[in-house]
Amino acid sequence: MYIDNIWIIWTLTFLICIFQARASFENEALDSHNKYRSKHGCPSLSLDSGLNSDCKSYAKELADLDTLKHSEGPYGENLCYTSSDPVSCVKDWYNEEKDYDYGKAKYSPSTGHFTQLIWKSSKTLGIGTYTNSKGISFVVARYKPQGNMAGEFKENVPKPNRSRSLHEHAKYLIYTSVILIICGHISQ
């Protein structure tokens, strides 16, 4: 029985590791975007595979030039480079929220990444990354329709709901359920 319990725990751990390893950068970044958007009551974004491809190509172009420069295209765009996990760029963009003035509700260069990430009217995300020979990852995120439109901040950048989000509740419920299942098997 002890061996059976160890086998169950090992199998669950293995499956969780496999599942996490298979999660693509694009899906992880989308999940991260949607987690932050849900804190503000904004609808989830969906991925656009064509836009993902364009973002990855532009990320390579930026990596080759070793610089960040907006493309001036028809989409909202956030750029980042990092030597750590490329998905961390989404958190960095969101962290600008602490400097956003909801009372003024207007564009500011110091919060533009945050406001584009949260922009309620944006429906679709394209995101890509490219890592150069120095180990620096360049990340390009594009949003359509684009955000940061003058006169539209009040309705598109809502204040965060400070209570626990539905996403956080679901995550807690899943973890608790897994622990209860494991404990139930061990005690049998």
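The values are calculated or read from the model by the stated rules, or taken from the named source; none is laboratory data. Because the structure is a prediction, the values reported are computed rather than measured. Don't worry about glycine lacking a Cβ; one is built from the backbone with ideal geometry, like all the others, and counts go over all protein chains shown.
Computed values, structure above
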{"read-out": "Yes/no for Asn132 being surrounded by 12 or more Cβ atoms within 10 Å (Cβ to Cβ), under 23 Å from Asn34 (Cβ atoms) and in contact (Cβ under 8 Å) with a residue 60 or more places away in the chain", "value": "no"}
{"read-out": "Gly135 vs. criteria small (Gly, Ala, Ser), on the phi > 0 side of the Ramachandran plot and at pLDDT 75 or above", "value": "yes"}
{"read-out": "Members of segment 26-68 that are aliphatic (A, V, I, L, M) and either part of a helix (DSSP H, G or I) or under 18 Å from the mean Cα position of the chain (by Cα) (or both)", "value": "Ala29, Leu30, Leu45, Leu47, Leu51, Ala59, Leu62, Ala63, Leu65"}
{"read-out": "Any hit, segment 94-111, residues being touching a residue at least 40 places away in the same chain (Cβ under 8 Å), under 23 Å from Asn156 (Cα atoms) and of a type in the set (Val, Ile, Thr)", "value": "no"}
{"read-out": "Qualifying residue in segment 71-82 (condition: of a type in the set (Ser, Thr, Tyr), surrounded by fewer than 14 Cβ atoms within 10 Å (Cβ to Cβ) and assigned to a loop (DSSP other than H, G, I, E, B))", "value": "no"}
{"read-out": "Selected residue [touching a Ser or Thr at 6+ places or on another chain (Cβ under 9 Å), surrounded by fewer than 21 Cβ atoms within 10 Å (Cβ to Cβ) and small (Gly, Ala, Ser)] from Ser88, Ser53", "value": "Ser88"}
{"read-out": "Of residues in segment 34-49 being surrounded by 14 or more Cβ atoms within 10 Å (Cβ to Cβ) and of a type outside the set (D, E, K, R), the one farthest from Leu125 (Cα to Cα)", "value": "His40"}
{"read-out": "Restricting segment 146-188 to residues that are surrounded by fewer than 10 Cβ atoms within 10 Å (Cβ to Cβ) and of a type in the set (S, T, N, Q), the residue that is modelled with the highest pLDDT", "value": "Ser163"}
